[in-house]
Structure formats: C-alpha cells, structure tokens
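The values are calculated or read from the model by the stated rules, or taken from the named source; none is laboratory data. Predicted model only: the values in this text are computed from it and were never measured. Neighbour counts run over all protein chains shown; Cβ positions are idealised from the backbone, glycine included. Quick note on the areas: whole protein, heavy atoms, side chains included, nothing else; ligands and nucleic acids left out. Shrake-Rupley method; radii C 1.70, N 1.55, O 1.52, S 1.80 Å.
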Amino acid sequence: MAVQRVFIVEDDLKIAELLAETLRKYHYQVETAKDFDQIIEEFEAFDPHLILLDINLPSYDGYYWCRQLRQQSTCPILFISARSGEMDQVFALENGGDDFITKPFHYEIVLAKIRSHLRRAYGEYAPKQEERSVKVGRIILYMERMELHVKAEVIPLQKKECTIMELLLSNYPKVVSREQLLEELWDDQAFVDENTLNVNMTRVRKKLADYNVKSTIETVRGAGYRLLLHEEEA
C-alpha cells in the first residue's frame, strides 16, 4: 500500500516528537495531536492507518478518546502508557484498544508492534473477505472501503456517514425511521441528544451536495428519512 499514516496522541511533547522522528525514519507519515479537545477533528483530517494513544491526557483520558475513535474507525489503536497495572491493560482493550505498550519502551518493540498490526489490518495477514456493497441505480456504497460511488464520482465517507447511507440504500425506497438510525449509529441512545442525528444527516447531505450528487435525502415528518433517487442516477 501507499505510505502508511500514524497518528500520535501523546501530551508529553518530548516523547511524541521522539516517536514521530523515529517513525519518519522508517518512512511512515506521522502527525501528533495538537489540540487535546479536538482529537476527533484532527483524526478525521489526517485519516490515519494506526493510532498511538496515551492514557493520561488533558481534559479526557485515552479510554474516552478510544471509545470516540471507535465510532469513526476500526483502524488499530495501540495504547502507550506509564501505567503498568493489569486493570489498565484490561480497560485499554475493553474500551476498543488493540494492544498495550508500557513506558519506558524500546522503539524497536513499538516499531515491531506497529508493523504487525498494520499487516494484520491491511496487509498480508488481513482477512480476505468478499467486499460488501449495496447498489441502488448508479449509486454503489462499498462498506469496507467507506466509499460511495455515484456514476464516475468516488466519495469518501466517515463511519457514521457510511452507516446512514447503508440504511437509506438498503431500505430504498422505504422510509428509515429515526429510531432505527439512532439504534444503528449509537450503542446507547439514552445519552444521544435529539439534535445529534439532525447534525449527522446535515453532514451527509452537504457531502452529497459538495460532490454534485443530484439524489437527495428527504425528511418525512413524524417518520424518518428516505433516499430520493434522481433520474440521472437511477
């Protein structure tokens, strides 16, 4: 594959820069977190293949950010922490992490673990499965790639955008209820603000418009949403 991207979320600037410098020597593209209240936004902008994540961070800890990141991506997340207790490692794995590296660490070990997880996720050890897709007219959604193909246009999607489009396409031309969308998008609906679904739907509509997709998402008052397929894309 092309140059692989690693996102480092570590508030110790010295450790973060040493890690970044080491990884760049081995031809990885690296970004370090700049604003620890904007981890998701920085993640989405960089779109990494793998994340190195500390536990002790400003505002929210690494467990919290791991849960948030897992709503966006299935990329490998490796915790790096000075905490060495068994429960710290258990919490890391139970909150969505793939591995745990204890500080102080040898850079050779970090590199070996990164290579191993990248091979397992994307390379020679990645499971060979038939790719899932759903097609309506000239619109095709590839779920594993998180790409929407509309005629010759290829539109990259975030995880929630992909889930929304999968539900709309799979149920076309029927209405998808707000309850069904909430259930698929969030594990615990009790903590989801009513406006959150509206915000996510607005993002999907904007992305379709940005790529000149003529098909639209209609709001059906009191029921939910449905895809309206334009004749040029039917």
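Points worth noting:
- Label corresponding to semi-axes √(5λ) of the Cα gyration tensor in Å when calculated from the structure given, among [x] 28, 18, 17; [y] 36, 20, 15; [z] 26, 21, 19: [y]
- Axis of helix 107-122 versus longest Cα principal axis of the chain: the two differ by about 20°, to the nearest ten degrees.
- Candidates 152, 112, 33, ranked by Gaussian network fluctuation over the chain, Cα under 10 Å, top entry: 152
- Only protein atoms count toward the accessible area here, which uses a 1.4 Å probe; on region 1-101, the carbon and sulfur part of that area reaches 48 percent.
- Note on the chain: antiparallel DSSP beta bridges, both residues inside, total approximately 55 percent of the bridges counted.
- Summary of the geometry: region 88-120 and region 142-164, compared by the centres of their Cα atoms, lie 29 Å apart.
- 1.4 Å probe accessible area per residue over the chain, in Å²: 56
- Among 59-72, 169-182, the peptide with the highest mean count of other Cβ atoms within 10 Å heads the list, and the full ranking is 59-72, 169-182.
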